[in-house]
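Accompanying notes for the structure given below.
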Amino acid sequence: MLPQCAAGVAQQTGSPTVLVDGVDPFAVPGEPTSVSCRLYRDEAGAVDGAPSVEALRRVLAGAQDRL
């Protein structure tokens with residue numbers, strides 16, 4: 001497990017943190033870095049422990065478009 005200070009260095013806002021090209025596409029502006037469990041909201045606003053498949057597809061498609 002990372003110490004709290006390492007979470008800040010890694011810009012981690014909980015686990016799991018998904019990085020695409022070194023950026024957390026699901027980051028909430030102003031959310032403090034943390035060594036904790038992370039919750040994600042889906043398109044309907046429901047809470048889950050990971051991004052939805054649809055959200056991941058959107059993020060990855062956007063990254064592909066930038067290549």
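Restricting to the stretch 4-42, and then to whatever is in a helix (DSSP H, G or I) and either under 17 Å from Val53 (Cα atoms) or open to solvent by 40 Å² or more (accessible area, probe 1.4 Å) (or both), can you tell me which residue is modelled with the lowest pLDDT?
Pass one, the stretch 4-42, residues in a helix (DSSP H, G or I): 4-10.
The next check asks that each one be either under 17 Å from Val53 (Cα atoms) or open to solvent by 40 Å² or more (accessible area, probe 1.4 Å) (or both); those that pass are 4-5, 9-10.
Values: Gln4: 52, Cys5: 54, Val9: 49, Ala10: 58.
Ranking the qualifying residues of the stretch 4-42, first place goes to Val9.
Taking only the stretch 49-67 into account, find how many residues are among the polar types (S, T, N, Q) and surrounded by 11 or more Cβ atoms within 10 Å (Cβ to Cβ).
As a first pass, look at the stretch 49-67 and keep what is among the polar types (S, T, N, Q): 52, 64.
Right, trim to surrounded by 11 or more Cβ atoms within 10 Å (Cβ to Cβ) and you get 52.
Residues that pass the stated criteria total 1.
Return yes when Ala46 is open to solvent by less than 90 Å² (accessible area, probe 1.4 Å), modelled with pLDDT under 85 and of a type outside the set (D, E, K, R) and no when it is not. Walk me through it before giving the result.
Working: open to solvent by less than 90 Å² (accessible area, probe 1.4 Å): yes; modelled with pLDDT under 85: no; of a type outside the set (D, E, K, R): yes.
No: the conditions fail for Ala46.
The values are calculated or read from the model by the stated rules, or taken from the named source; none is laboratory data. Here the structure is a predicted model, which means the values were calculated and not measured. Cβ: placed from backbone, ideal geometry, glycine included. Neighbour counts: every protein chain shown. Heavy atoms of the whole protein, side chains included, go into the accessibility calculation; ligands, DNA and RNA do not. Shrake-Rupley method; radii C 1.70, N 1.55, O 1.52, S 1.80 Å.
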